[in-house]
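Note sheet for the following structure.
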Amino acid sequence: MRADEPKRARRRPHILCAGIAVLDQIFRVAAFPDRDAKIRALDFVSVVGGGAANAAIAIARLGGAARFTGPLGDGNGNDPIGDRIVTDLQAEGVACACARVNGRVSPVSAILVDSHGGRTITHHRDELLHGASVADPDQLIADVDGVLADDHYPEFVTPICAAARRRGLPVVLDVEKHTPVAEPLFLAATHRIFSRSGLTATTGCDDLAAGLSRLDANDGAFLAVTDGAGPVHWRTSDASGVRPTLAVDAVDTLAAGDVFHGAFALVLIETGDPVRALRFAAAAAALKCTRFGGGAATPRRSEVEHFLLQNA
């Protein structure tokens, strides 16, 4: 490994991933169907998905210690989807501290992935899961080194992120949708990583660099925006830059952004260097795109390090 590559910490970073978990039913097809058409799937997998859950799997596969928390359906044997999500996360080495909501069902998605790696998604999420909460956020984060949160259940994750900030921990926020900059969740994050659509919705600006410049980073937060295969733009209160991505032949882009966030959080906590973490995260996400299977196609640490060496 080169001296400028991320190195493993002596102790595995313990990272709490808070937000959504979904059971993804993923079908690979030659092309998206026309209306009322019936087509044959070329491949199929049923795997855990969702922003925070995929990020937790990525952290575990890349060498960190991951824990997931988020709202799921009934935990009394009445929600096989939620039971499957927990079982599969634990099989990946992810510890679970889920909030099971009586009488409700866990999220599920049906996803078509075409021959170019693009995807079409339909999902079902019980809106009453938004009422779930953590009884003691301070206890939940007492033994972790950092928190990663998505913005699908803001009422659930905000107290967790706030507790982490009180302890002086890094808080990485995956921003996928419009998020007012005065929202407590936005302000609780030390590192705000936007998708293109999330940044555009938040700032009303299509230009990525200009969009980041409209956001106030004077609180010391690190800002970045991903753009699929395009370069990653980043900004702090006193610096900015662009990190090129690595070109690959995309087979399946599903969960690439989630893998990016998990990899970023891990290397950020290992090294304290967010720009270095962006490079590692971009490589992990690019490798994921070369394989079908959503989050189940997340690479291992050795694969990402080898990929980086090949593209040094």
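Could you tell me whether any residue of segment 68-87 is more than 24 Å from SER302 (Cα to Cα), modelled with pLDDT of 95 or more and of a type in the set (Phe, Trp, Tyr)?
No, the conditions are met nowhere in segment 68-87.
I'd like the full set of residues that are assigned to a helix (DSSP H, G or I) and open to solvent by less than 10 Å² (accessible area, probe 1.4 Å), limited to segment 191-207. Spell out how you get there, then give the answer.
Residues of segment 191-207 assigned to a helix (DSSP H, G or I): 196-203.
The answer is GLY198, LEU199.
Could you tell me which numbered condition VAL105 fails, if it satisfies all but one of (1) modelled with pLDDT under 95; (2) open to solvent by 40 Å² or more (accessible area, probe 1.4 Å); (3) within 27 Å of GLY294 (Cα to Cα)?
(1)
State all residues of segment 297-307 that are crowded, with 23+ Cβ neighbours inside 10 Å and either under 16 Å from the mean Cα position of the chain (by Cα) or in a loop (DSSP other than H, G, I, E, B) (or both); if no residue qualifies, say none. Even if it seems obvious, please write down each step before you answer.
Residues of segment 297-307 crowded, with 23+ Cβ neighbours inside 10 Å: 298-299, 304.
Within segment 297-307, THR298, PRO299 meet the criteria.
Just one of ALA162, ALA210 is over 26 Å from ASP24 (Cβ atoms), at pLDDT below 95 and either under 19 Å from the mean Cα position of the chain (by Cα) or part of a helix (DSSP H, G or I) (or both); which is it? Even if it seems obvious, please write down each step before you answer.
Working: ALA162 fails: at pLDDT below 95.
That would be ALA210, the only listed residue that is over 26 Å from ASP24 (Cβ atoms), at pLDDT below 95 and either under 19 Å from the mean Cα position of the chain (by Cα) or part of a helix (DSSP H, G or I) (or both).
Considering segment 45-64 alone, what residues qualify as being assigned to a strand (DSSP E or B) and either β-branched (Val, Ile, Thr) or over 22 Å from the mean Cα position of the chain (by Cα) (or both)? It would help to see each step written out before you state the result.
Initially, segment 45-64 is screened for residues assigned to a strand (DSSP E or B), giving 45-49.
Matches in segment 45-64: VAL45, VAL47, VAL48.
Could you list all residues from segment 268-294 that are within 30 Å of PHE27 (Cβ to Cβ) and not in a helix (DSSP H, G or I)? Full working, then the answer.
If we filter segment 268-294 for residues that are within 30 Å of PHE27 (Cβ to Cβ), which is where we start, we get 281-294.
Scanning segment 268-294 gives THR290, ARG291, PHE292, GLY293.
Can you confirm whether segment 62-81 contains a residue that is surrounded by fewer than 22 Cβ atoms within 10 Å (Cβ to Cβ), touching a residue at least 24 places away in the same chain (Cβ under 8 Å) and basic (Lys, Arg)?
no
Which residue, of ALA188, ALA182, is surrounded by fewer than 21 Cβ atoms within 10 Å (Cβ to Cβ) and either closer than 25 Å to ASP227 by Cα or under 19 Å from the mean Cα position of the chain (by Cα) (or both)?
Numbers: ALA188 fails: surrounded by fewer than 21 Cβ atoms within 10 Å (Cβ to Cβ).
After applying the criteria, what remains is ALA182.
Specify which of the listed residues (ALA265, ALA224) is in a strand (DSSP E or B), within 19 Å of the chain's Cα centre (by Cα) and crowded, with 17+ Cβ neighbours inside 10 Å. Full working, then the answer.
Working: ALA265 fails: in a strand (DSSP E or B).
Going through ALA265, ALA224 in turn, the sole match is ALA224.
Looking at ALA149, ALA142, can you tell me which residue is outside any helix (DSSP H, G or I) and within 20 Å of LEU254 (Cα to Cα)?
ALA149
Look at segment 124-172 and say how many of its residues are touching a helix residue (DSSP H, G or I) at 6+ places or on another chain (Cβ under 7 Å) and either open to solvent by 30 Å² or more (accessible area, probe 1.4 Å) or under 27 Å from SER213 (Cα atoms) (or both).
From segment 124-172, those touching a helix residue (DSSP H, G or I) at 6+ places or on another chain (Cβ under 7 Å) are 130, 132-134, 137-138, 140-141, 145-155, 157-163, 165, 170-172; that's our starting set.
Within this subset, residues satisfying the condition of being either open to solvent by 30 Å² or more (accessible area, probe 1.4 Å) or under 27 Å from SER213 (Cα atoms) (or both) are 130, 133-134, 138, 145-155, 157-159, 161-162, 165, 170-172.
Matching residues across segment 124-172 total 24.
The values are calculated or read from the model by the stated rules, or taken from the named source; none is laboratory data. Because the structure is a prediction, the values reported are computed rather than measured. Glycine gets a Cβ as well: all are built from the backbone with ideal geometry, and neighbour counts include every protein chain shown. For the accessible areas, the whole protein counts, side chains as well, though only heavy atoms, and no ligand, DNA or RNA atoms are used. Shrake-Rupley method; radii C 1.70, N 1.55, O 1.52, S 1.80 Å.
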